[in-house]
1. Just one of (1) crowded, with 24+ Cβ neighbours inside 10 Å; (2) outside the structural domain of Leu402 (by TED's automatic domain parsing); (3) within 23 Å of the chain's Cα centre (by Cα) trips up Phe279, so point out which.
2. Does Ala104 count as in contact (Cβ under 8 Å) with a residue 40 or more places away in the chain and in contact with a strand residue (DSSP E or B) (Cβ under 7 Å, 6 or more places away or on another chain)?
3. If I filter segment 577-592 for residues that are in a strand (DSSP E or B) and in contact with a Ser or Thr (Cβ under 7 Å, 6 or more places away or on another chain), do I get at least one hit?
4. Every residue in segment 610-629 that is of a type in the set (A, V, I, L, M, F, W, C) and either within 17 Å of Ser296 (Cα to Cα) or crowded, with 22+ Cβ neighbours inside 10 Å (or both), please.
5. Quick one: how many residues across segment 525-571 are assigned to a helix (DSSP H, G or I), surrounded by fewer than 20 Cβ atoms within 10 Å (Cβ to Cβ) and small (Gly, Ala, Ser)?
6. Which number in (1) surrounded by fewer than 18 Cβ atoms within 10 Å (Cβ to Cβ); (2) closer than 20 Å to Met592 by Cβ marks the one condition that Ser475 misses?
7. Looking at (1) of a type in the set (A, V, I, L, M); (2) closer than 20 Å to Asp619 by Cα; (3) free of Cβ contacts under 8 Å to residues at least 24 places away in the same chain, which is the one condition that is false for Ala372?
8. List every residue pair whose Cβ atoms sit under 7 Å apart, with the two residues 6 or more apart in sequence or on different chains, where the first one lies in segment 629-640 and is polar (S, T, N, Q) and the second, anywhere, is in a loop (DSSP other than H, G, I, E, B).
Amino acid sequence: MPFSSDRHREVTRRDAVKYGLIGGTVLTAGCLGGNGGNGNGNASGNGNGNGNDSESGGSNVSEDEYADPVEERADRRFTKALHRGTYEIQNASWNPYDPTGEMANFDPPGLIYDPLLIHYQSHDTFQGVIADNWEKEDQSILVELNDDWTWHNGDPVTAHDLKTDRDISFRISEITSPDSPASSYIEDYEVVDDYAIRYHLVDDFTIESVLINELANGLVIIKEDFGDPSYGQWRDDLMDAEGDEATQVVSEFQEWSPSIDEIIGNGPFQISETTDTTFVGEVYEDHPNADNIYFSEYAIESHDDKVLAFNEGNVDAIPFALPASPDVMQQVPDHYRINRDYNHLWSVLFNFGNYDMPASPATNPSHQPITADRRVRQAISCALSRQEIATSVPEQYELYELPPTFLNQTAVDNGRVDIEGYDNYDRDQERATTLMEEAGFERQDGQWIDEDGEQAELILLGQSSVSVQVDGLDSVQYQMEEFGFDVSLNAVDEATYGENRFNGDHDILFDNHPIFSVMGLTYVEAIWEWFLQLNHADYPDGDWEIPAEIGNPDAEETMTINVMDQIQQLHLTGDDEYLANLTWWYNQVLPMYGCVVGRDYGGIQAEDWHVDAPEELLDNRVAEFNLTKVPDAELIPRQE
């Protein structure tokens with residue numbers, strides 16, 4: 001059963017496509033914590049993140065070299081670089097249902113709004129924020145809110161606000177997508193009292209799957225009586241309208257946005273000032289964590305070059321973009337590393353050419369990729385040297401040495417999946433030749449010739465402005481020409497790249513996806529719908545035949561895998577059996593061949609600021625905001 005969800009997320013697929021983000025939040029499968037529901041457990045620092053040593057993202061800050069942190073709140077401003085240069089501070093939409101909007105938890109909304117709870121993806125732990133307890137009862141989940149949380153006008157944050165949000169999202173789905181469920185996980189919901197809401201589930205999913213996919217990390221933005229008209233009024237209008245009128249109300253609602261000077265948040269900072277380039281929040285004194293904030297203002301500034309701004313002391317923090325090139329890194333100030341586990345795998349990504357599937361993004365496609373044949377994909381992988389690709393790309397990228405599985409080393413070391421016997425597709429020209437011959441090609445004078453007597457061609461597609469793409473594809477082109485293909489490399493601008501890849505005008509991309517935890521594979525909307533549009537592979541409805549014995553590519557018997565069925569069973573049961581099936585499918589079908597890992601972390605300069613927090617918090621995204629939201633974290637200015 002394919003999953004679908006029309007509910008707004010902090011990073012939508014549209015955002016991913018537009019800004020090059022592939023699934024900004026990625027997940028980890030299985031049982032997360034053992035007791036199946038207690039929401040009071042804060043992160044303990046015992047997770048499997050890799051932030052402890054400097055080589056993998058830890059910090060080398062020596063507290064003895066700097067002044068002590070202040071003991072009372074100081075009149076100081078903490079400044080971080082804006083996450084996305086495309087975010088227009090003065091003109092951004094503040095309606096989370098605006099399909100052209102940019103409400104994301106890593107931009108200014110993440111400062112002034114809080115989530116129900118935080119999922120520390122790479123550690124598989126949760127920490128309550130507005131929610132202070134959650135538990136599964138039969139086929140439902142009860143979420144209880146902390147009654148200390150208030151909106152910035154003093155009104156309490158209640159379950160009625162959460163219900164209004166669900167009412168709107170479910171009704172919009174019913175109007176715009178009547179044949180699809182509004183949520184893959186939540187069938188219905190009810191307010192139990194002012195500070196408790198119960199979600200009734202579509203199926204008997206594990207609580208972790210529902211928290212991860214529906215409730216964690218998303219910001220609580222909707223206040224029932226906020227706005228003119230209020231969200232509650234919009235909800236009522238949507239409920240009452242029918243037919244064409246309902247469609248018109250959806251359009252009007254999605255085009256509406258409160259102005260920035262009207263915004264009422266619920267986070268530790270409230271808006272105090274905005275300009276075209278700066279967003280400033282001041283401490284909201286009634287926030288439950290206000291007593292743990294030791295500075296008066298938090299500013300977010302737009303800078304064309306984040307790392308340069310950090311190096312020159314124009315900002316105290318950057319959310320990502322480290323490590324930079326070695327010469328630039330020599331200029332980076334002593335800093336605490338944050339958002340440390342956000343590694344991305346750059347892969348040779350193959351086009352399957354399934355343009356007739358219902359979800360195909362292609363418009364009048366004309367290219368029939370040679371890589372639609374699994375044997376050709378495997379042959380290309382065996383003919384490539386990942387080491388040569390790693391040598392060709394910028395120095396900060398590291399060789400990925402695991403077999404194709406979408407796993408990271410942490411998951412392998414922890415035994416989530418036994419990858420013994422998985423095909424590593426090591427460079428083997430003889431095997432690559434055999435696979436090409438099995439696919440119907442003949443080698444003549446060093447060139448591969450198809451059954452029509454034409455030379456086998458490969459079209460490589462990349463963005464001219466992304467050095468790792470161009471350098472990686474340069475290496476692929478050279479190696480594939482040596483192997484006997486006629487290879488074209490099209491390095492184009494960003495807009496053309498987006499258009500061409502969705503239309504299938506390529507055989508191979510060199511693109512990336514996050515690998516900092518396992519269950520990124522199971523984020524259907526953010527990951528597999530994204531892969532579908534790059535691979536042109538029918539993941540929702542396709543059945544794939546693979547060797548039946550996991551770890552034995554030569555097994556005589558086969559089994560048939562449907563990717564979405566396996567994902568659903570993983571979410572229902574939390575059983576790693578389904579994770580093993582998925583990784584084995586990936587290894588054998590080979591939608592992509594991982595080559596190099598790009599680390600991507602941020603930093604907070606240490607000379608003026610003291611940072612201390614659980615490893616889970618520092619390892620995962622938006623640590624720069626979460627440091628101010630929870631009581632067991634410290635972001636404190638140093639004494640002057």
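1. Only one criterion in (1) crowded, with 24+ Cβ neighbours inside 10 Å; (2) outside the structural domain of Leu402 (by TED's automatic domain parsing); (3) within 23 Å of the chain's Cα centre (by Cα) is unmet by Phe279, namely (3).
2. Working: in contact (Cβ under 8 Å) with a residue 40 or more places away in the chain: yes; in contact with a strand residue (DSSP E or B) (Cβ under 7 Å, 6 or more places away or on another chain): no.
Taking the combined requirement at face value, the residue does not satisfy it.
3. At the first step, the residues of segment 577-592 found to be in a strand (DSSP E or B) are 592.
When the remaining residues are screened for being in contact with a Ser or Thr (Cβ under 7 Å, 6 or more places away or on another chain), the result is 592.
Yes, there is a match, as at least one residue in segment 577-592 is in a strand (DSSP E or B) and in contact with a Ser or Thr (Cβ under 7 Å, 6 or more places away or on another chain).
4. The initial filter retains those residues of segment 610-629 that are of a type in the set (A, V, I, L, M, F, W, C), namely 611, 613, 617-618, 622-623, 625, 627.
Once the filter is applied, which keeps residues that are of a type in the set (A, V, I, L, M, F, W, C) and either within 17 Å of Ser296 (Cα to Cα) or crowded, with 22+ Cβ neighbours inside 10 Å (or both), segment 610-629 yields Val611, Leu617, Leu618, Val622, Ala623, Phe625, Leu627.
5. Adding up the residues that qualify gives 0.
6. So Ser475 meets the others, but not (1).
7. (2)
8. What qualifies is Gln639/Ala67; Gln639/Asp68; Gln639/Val70.
The values are calculated or read from the model by the stated rules, or taken from the named source; none is laboratory data. It should be emphasised that the depicted structure is a prediction, and the values quoted were computed from it without experimental measurement. A quick note on method: Cβ atoms are made from the backbone with ideal geometry, for glycine too, and the neighbour counts reach across all protein chains shown.
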